[in-house]
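The next block holds one structure in the form of structure tokens; read it before the comments.
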Amino acid sequence: MQALEVEYASYNLGVFLCTTCVGIHRSMGTHISQTRHLRVDRWLDENQIIFMEQHGNEVSNAHYERYLPDCYRRPDGCAPAVLLEQFIRAKYEREEFLEPARQVGYMASTKSGHLMKRGRDAAKFEIRRFELSEATNTLSYYVKEGKHPKQTMSLQAMNVALVPEKVNHPNGMQITYVTHGTIRHIFVYHNDGQTTIDWYMAIRNAKLNYLRVAFPGHSAAELTADLTHDFHLEGWLHKIGPRAGDQYRRRWFTLDDRQLMYHDQPLDPVPKGVISIGEPPEWAVKEGVPPGSKDQGFSFTLKTPERTYLLSAQTAQERTNWMQAITEVLRTPPTPQQRALAGSLHRKQSSGRRILR
Ligand SMILES: [Zn+2]
């Protein structure tokens, strides 16, 4: 990762490092990586300088990432901490990308293991067995051993996002899937970072292998572009119902790809509503609310062909962030897959009960 300035080097691996990455390198121990500041520390051994000159990140990566699988999400500057740490450990400590046989944790066609899963009604996390199958293209979890799965989720419309703050665990993940036209979320983690990231990559790998069969002419870069995504934006907004007398209510909003979802609480298993964002000019976002409407402050309006949503942020900056994020989605035409997903979703969810709010 090079979001921060490059200030360090690992002189046995031949790579230059930023402040974040050097911390991870040090935590692996000097038998893996020997680091030194580029200016503050003294470079007395000429052989180390020559070694750095002959290597550098490009040359070193060509070696240490020789068998980096297509499904593997290479962390960038905004990647969650667990992803960055596990990538660095996979690369240098476990040397997973030097030897495909070391990648069974995510490259096998089936995977079975345990994760902590948040209960649907009770807000506590409990241990559950999960099974991933490429053959059936599903991820299932079990409450009792030997019984039928409690839930079987199709991988195709599934997303996995790393959400440490939301789950309040450094390895927290949110799995979002679609069943019978309804979006659902489950929240999981494993105390071991490697196990967590193995599941994350295993889901990506199974999705990629499915796409390879479905779209044989496409390149790996095209097929991996949207295996999983982090959310554009999440946070509290106030939203008012469409009828006279409706009041503003606080909702947890998530902009997930083209789906703007709102929930009562951040960890709700089912969104109250899903707005699949379309294209201009029928769709537009504007600062403020129409004349005569109730205004809660820091307000903005989302115009859709069916309804106009009046929303209110908590600060001017948050309003700007939401308007920019939605505008960015509006500017990008939906892909055929995104259109198909939008067409398959019910707009109102709330476990089958129709709520007009
Ligand atoms: Zn870095």
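The values are calculated or read from the model by the stated rules, or taken from the named source; none is laboratory data. A quick note: this is a predicted structure, and the numbers were derived from the prediction, not measured. Methodologically, a virtual Cβ is constructed for each residue, glycine included, from the backbone with ideal geometry; neighbour enumeration extends over all protein chains shown.
Taken over region 33-81, the criterion of being in contact (Cβ under 8 Å) with a residue 12 or more places away in the chain, away from the ligand (no atom under 16 Å from the Cβ), over 17 Å from Y92 (Cβ atoms) and touching an Asp or Glu at 6+ places or on another chain (Cβ under 9 Å) is satisfied by R39 alone.
Look through V143, V178 and report the one residue that is within 27 Å of A225 (Cα to Cα), of a type in the set (A, V, I, L, M) and surrounded by fewer than 21 Cβ atoms within 10 Å (Cβ to Cβ).
Numbers: V143 fails: within 27 Å of A225 (Cα to Cα).
Selected residue: V178, the only one of V143, V178 that is within 27 Å of A225 (Cα to Cα), of a type in the set (A, V, I, L, M) and surrounded by fewer than 21 Cβ atoms within 10 Å (Cβ to Cβ).
Only one residue in E318, E287 is within 23 Å of the chain's Cα centre (by Cα) and modelled with pLDDT of 95 or more, so which one is that? None of the others qualify; the one that does is E318. Pairs linking a residue in region 6-32 that is in contact (Cβ under 8 Å) with a residue 60 or more places away in the chain to a residue that is in a loop (DSSP other than H, G, I, E, B) and more than 8 Å from the ligand (Cβ to nearest atom), with Cβ atoms under 7 Å and 6 or more positions apart or on different chains, are L13/S33; H25/S33. Among residues of region 241-257 that are in the same structural domain as Q338 (by TED's automatic domain parsing), those with a beta-carbon under 8 Å from a residue that is assigned to a strand (DSSP E or B) and of a type in the set (D, E) at least six positions away or on a different chain give the pairs W252/E234; F253/E234; T254/E234; L255/E234. Going through (1) small (G, A, S); (2) touching a Lys or Arg at 6+ places or on another chain (Cβ under 8 Å); (3) more than 16 Å from the ligand (Cβ to nearest atom); (4) not assigned by TED's automatic domain parsing to the domain that holds V160 one by one, S112 falls short only on (4).
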